[in-house]
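Enquirer: There's a structure below that I have some questions on.
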There are 2 protein chains.
Amino acid sequence: MNAASEHSLRIQTLANSVLAGDRRALSKAITLVESAQPLDRALALNLLDIIMPYTGKAKRIALSGSPGVGKSTFIEAFGQFLIEQGETIAVLAIDPSSKRTGGSILGDKTRMPTLANNPKAYIRPTPSGNLLGGVARRSREVIALCEAAGYSTLLIETVGVGQSETDVSEMTDCSILLLQPASGDALQGIKRGIMEMADIVIINKADGDLLPAARHSAAHYLQSLALMPKRMPDWACPVLLCSALEKTGLDALHEKIREYFVLAKENTYFSKKRSEQLSTWLEDETLAELISAFKAQPELQAQYQALQQSLASGVSPARLAVEFARKIIAPTQP
Amino acid sequence: MNAASEHSLRIQTLANSVLAGDRRALSKAITLVESAQPLDRALALNLLDIIMPYTGKAKRIALSGSPGVGKSTFIEAFGQFLIEQGETIAVLAIDPSSKRTGGSILGDKTRMPTLANNPKAYIRPTPSGNLLGGVARRSREVIALCEAAGYSTLLIETVGVGQSETDVSEMTDCSILLLQPASGDALQGIKRGIMEMADIVIINKADGDLLPAARHSAAHYLQSLALMPKRMPDWACPVLLCSALEKTGLDALHEKIREYFVLAKENTYFSKKRSEQLSTWLEDETLAELISAFKAQPELQAQYQALQQSLASGVSPARLAVEFARKIIAPTQP
């Protein structure tokens, strides 16, 4: 057997194991799609070819919240609750801030000890390293793999303020924003851009002494949300109280998520969003692959090196770039 | 006079006014480089051609910190202090989270009333809109314009956790991270990736009742920083206490910044960083312009539309993208 058919057999076997719900195979498959090695990439593409028809069936839920709001405890509690309702769940993490050393704490299994030991839950730590094309690129493939492995709900966790929420929102069906009881400055400090991306807002830690502050915060956020554009027609983003510690409010949240998906499927918001996301996926991949193809081309690279030499003489990079690009992708080319 | 030479004259006049330090001209020039209109872009490139030789002389300082740490008050106080030391300052803002509606609060002049009325300070609010190629792309041009206008220190403000810090760090000489006194979870919650990008850490609000907590936080962060890789050789990231409200600690910070720049220039870290940043600028522009050139090409666009049709049949976007890119940028092309 030659190398090519050996590889092909290996990938078919891996794909079968993923489709059969084998967790170890899933981990192996995720490592493969996250790899930056060219051979791995070729194999990953083959793997995706096989599993693509089996994807798309899970509820994809984004879960964002700043450090300290109790995200791990929440996922432990809510994940456990979902499993009791008959779901199987995969917890993924997207964390753009770990770019430099990959020193991320998201998705760490030790943060969710109960869930990590439950056979109906799969927890995947954040990939390290800096991927061309942003955090979203490989995450979409990881989502596809988890769906192929049969998980019914995906919880895609992200942190903080900014680009990561936008990226995750472009990969999921429903975005949950986790907040904690706050007052004064902290209440005002939640950025508009972050709230606008939420389909459901949860105030966690709504227990004990914090309950009055939680109620007050909920009222405040409801008012702010009322002034923002609706993400889905006929859906007013609710603000729910919950305590991951005391396991309260989880049933109400579960019901809200159910209502959200029912409405989204009825009014075609769901299918439109999925179809747009597929287009965005294609676009991101195409742009990233154009760049890779460009970088792999020695003649183009030599021309590019020459540009870099001109930088020292004080020519504007913007000018150099626009002239170079017009030469490469010229209207006269086939 | 024909349209082209009229444009050319207009841009030369605008460039002269920017170089003479005319604030209104600077604002107009910044609006021009931030514009997405093709004609504006052509004019912006001409403007950059003229001003490029006059750029590079300012100290470029990044200032990041989550909402609520008192960034506006700090910039008011420290900006005023710098002006008293003979500097002229420009305050710019980069805020990726305002992508959707541009509802950003960064860089808002009303947040810094004293500084906004000082003739030696220029405050530029965040651009709205979603720029191809990330927030960094136009910001570099805005930096160049402010330098051409003669400002001696640029304070480039960013918010929160994540990509924006990385982007800003790739455009500046020195990164200051602004924190506030914290304890418990909040003390642990500062992400490693964010701390790793700091050259100087400041604990703001080190006044009154918060002073003990500020000291405790400083000790904690110093310990964490000691375990992280050094950004610049021989530079241990200091943690300084300051109170923007009581205007204390500003002189010590100013001195630390001075020491940082002296060392950076001595050990060539400064010049290496600037040169790398120029290369990154060229690379980002080249990739963005390749994409623009690609999108402006009707034949390529028609081929791309055909790909999108295939998505519905369950083909992997990753596969479609890689084959398309190889066809466009083929090794046989000139």
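The values are calculated or read from the model by the stated rules, or taken from the named source; none is laboratory data. What you see is a predicted model, and the numbers here were worked out from it, not measured in a lab. Heads up, the Cβs are rebuilt from the backbone with ideal geometry, glycines too, and the neighbour counts pull from every protein chain shown. Accessible surface is based on the protein model in full, side chains and every heavy atom, while ligands, DNA and RNA are left aside. Shrake-Rupley method; radii C 1.70, N 1.55, O 1.52, S 1.80 Å.
Enquirer: What number goes with the only condition from (1) modelled with pLDDT of 90 or more; (2) more than 30 Å from residue B:84 (Cβ to Cβ); (3) more than 8 Å from every other protein chain (Cβ to nearest Cβ) that residue B:254 does not pass?
Expert: (2)
Enquirer: Let me ask another. All but one of (1) farther than 23 Å from residue B:72 by Cβ; (2) surrounded by fewer than 20 Cβ atoms within 10 Å (Cβ to Cβ); (3) more than 14 Å from chain B (Cβ to nearest Cβ) hold for residue A:173, so report the exception by its number.
Expert: The single condition residue A:173 does not satisfy is (2).
Enquirer: Given the conditions (1) under 22 Å from the mean Cα position of the chain (by Cα); (2) open to solvent by 10 Å² or more (accessible area, probe 1.4 Å), which single one is not true for residue B:48?
Expert: Among (1) under 22 Å from the mean Cα position of the chain (by Cα); (2) open to solvent by 10 Å² or more (accessible area, probe 1.4 Å), residue B:48 violates only (2).
Enquirer: To continue, here is another question. Is at least one residue of the range B:21-32 open to solvent by 30 Å² or more (accessible area, probe 1.4 Å) and under 27 Å from residue A:310 (Cβ atoms)?
Expert: The answer is no, given that none of the residues of the range B:21-32 is open to solvent by 30 Å² or more (accessible area, probe 1.4 Å) and under 27 Å from residue A:310 (Cβ atoms).
Enquirer: Just one of (1) in a helix (DSSP H, G or I); (2) modelled with pLDDT of 95 or more trips up residue A:235, so point out which.
Expert: (1)
Enquirer: Would you confirm, using the coordinates I've provided, whether residue B:18 is open to solvent by less than 20 Å² (accessible area, probe 1.4 Å), of a type in the set (A, V, I, L, M) and part of a loop (DSSP other than H, G, I, E, B)?
Expert: Values: open to solvent by less than 20 Å² (accessible area, probe 1.4 Å): yes; of a type in the set (A, V, I, L, M): yes; part of a loop (DSSP other than H, G, I, E, B): no.
Against the criterion (open to solvent by less than 20 Å² (accessible area, probe 1.4 Å), of a type in the set (A, V, I, L, M) and part of a loop (DSSP other than H, G, I, E, B)), residue B:18 does not qualify.
Enquirer: Please pick out the residue among B:38, B:67, B:53 that is open to solvent by 60 Å² or more (accessible area, probe 1.4 Å) and within 9 Å of another protein chain (Cβ to nearest Cβ).
Expert: One residue alone meets the criteria, B:53.
Enquirer: If you don't mind, another one. What pairs can you find where one residue is in the range A:269-293 and closer than 18 Å to residue B:326 by Cβ, the other is outside any helix (DSSP H, G or I) and not charged (D, E, K, R), and their Cβ atoms are less than 6 Å apart, with a gap of 6+ or different chains?
Expert: Close Cβ pairs (under 6 Å, with a partner that is outside any helix (DSSP H, G or I) and not charged (D, E, K, R)) amount to A:284/A:133; A:288/A:132; A:288/A:133; A:293/B:329.
Enquirer: In the range A:245-300, which residues are surrounded by fewer than 15 Cβ atoms within 10 Å (Cβ to Cβ), in a loop (DSSP other than H, G, I, E, B) and out of contact with any Asp or Glu (no Cβ under 9 Å at 6 or more places or on another chain)?
Expert: Selection gives A:268, A:296.
Enquirer: Suppose we filter the range B:225-279 for residues that are within 20 Å of residue B:59 (Cα to Cα), out of contact with any Pro (no Cβ under 8 Å at 6 or more places or on another chain) and among the polar types (S, T, N, Q); how many remain?
Expert: 5
Enquirer: Being charged (D, E, K, R) and surrounded by fewer than 17 Cβ atoms within 10 Å (Cβ to Cβ) is the filter here, so list the residues in the range B:181-236 that pass it.
Expert: Residues of the range B:181-236 that are charged (D, E, K, R), as a first pass: B:185, B:191-192, B:196, B:199, B:205, B:207, B:209, B:215, B:230-231, B:234.
If the condition is that a residue be charged (D, E, K, R) and surrounded by fewer than 17 Cβ atoms within 10 Å (Cβ to Cβ), then B:185, B:209, B:215, B:230, B:234 are the ones that fit.
Enquirer: A follow-up question, please. Under 7 Å by Cβ, and 6 or more places apart or on different chains, what pairs join a residue from the range A:295-308 that is facing chain B (nearest Cβ under 10 Å) with one that is assigned to a loop (DSSP other than H, G, I, E, B)?
Expert: A:297/B:329; A:297/B:331
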